[in-house]
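Here is the structure we will look at, set down as structure tokens.
The values are calculated or read from the model by the stated rules, or taken from the named source; none is laboratory data. No experiment lies behind these values; they were computed from the predicted model shown. Reconstructed Cβ throughout: ideal geometry from the backbone, glycine too, with neighbour counts over all protein chains shown.
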């Protein structure tokens with residue numbers, strides 16, 4: 001093989017001393033043209049004993065690259081860990097916040113139900129008290145009406161005894177008869193309360209007029225229509241007081 005004139009420059013470039021700029025440019029142009037002798041020398045230098053320094057440099061570069069890769073992997077793993085930690089912390093915070101919101105909602109619902117229950121209990125207590133008072137009032141009104149019917153029946157019997165043959169036909173005539181005086185300057189047969197008189201009607205404790213069904217000289221039925229206000233002519237739940245006049249023997 002013909003010796004290459006640039007082979008000496010290759011030797012100097014590989015092992016020193018350094019080439020001048022002109023020699024360096026010339027060698028680069030020569031290598032660019034593709035010289036087998038120079039390329040073989042360079043490969044021998046890199047792979048052989050003469051390339052020990054270059055191999056060491058390559059190994060150093062490989063080591064640094066490996067360490068850089070490890071560092072990058074560690075940095076990426078650390079970054080991922082930090083991201084995951086932040087995500088977990090955020091999820092945990094949102095879960096805690098949601099539990100707090102649920103607790104507040106449960107507390108509000110509890111107090112709402114408690115207040116509603118208190119209102120219902122108060123309403124029930126009021127209704128119970130009202131109904132009890134209403135029942136007591138109705139019972140007192142019934143007792144008062146029955147007592148008054150008895151008193152009116154006694155007064156009517158006295159009136160008929162003192163006025164034979166003059167028996168009232170209805171409640172209006174009864175009130176008119178019993179309101180009159182028994183004698184000059186005497187008290188009336190029955191002390192009607194003025195605020196309960198409505199013309200010739202006398203109101204019972206339920207605020208409705210007493211009724212009287214006269215049956216001539218034999219008597220009649222004096223009654224109150226009761227709390228329901230339905231006139232059942234002394235039957236049903238009307239409060240009735242039958243009256244039978246006693247006749248004197250001739």
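Check whether at least one residue in the range 212-228 is outside any helix (DSSP H, G or I), modelled with pLDDT of 90 or more and either exposed (fewer than 15 other Cβ atoms within 10 Å of the Cβ) or out of contact with any strand residue (DSSP E or B) (no Cβ under 6 Å at 6 or more places or on another chain) (or both), and report yes or no. The answer is yes; a qualifying residue exists. Looking across the range 157-202 at every residue that is outside any loop (DSSP other than H, G, I, E, B) and in contact with a strand residue (DSSP E or B) (Cβ under 6 Å, 6 or more places away or on another chain), the one that is nearest to residue 239 (Cα to Cα) is identified as 171. Summed over the range 185-200, the residues that are surrounded by 14 or more Cβ atoms within 10 Å (Cβ to Cβ) and either out of contact with any helix residue (DSSP H, G or I) (no Cβ under 8 Å at 6 or more places or on another chain) or over 17 Å from residue 211 (Cα atoms) (or both) give a count of 3.
Going by the conditions given, is residue 146 modelled with pLDDT of 90 or more, in a helix (DSSP H, G or I) and touching a helix residue (DSSP H, G or I) at 6+ places or on another chain (Cβ under 8 Å)? So residue 146 does not fit the description; no. Figure legend. Inter-residue proximity from the range 88-103: first residues exposed (fewer than 10 other Cβ atoms within 10 Å of the Cβ), second residues modelled with pLDDT under 90 and assigned to a helix (DSSP H, G or I), beta-carbon distance below 6 Å, spacing 6+ or different chains. No pairs are indicated.
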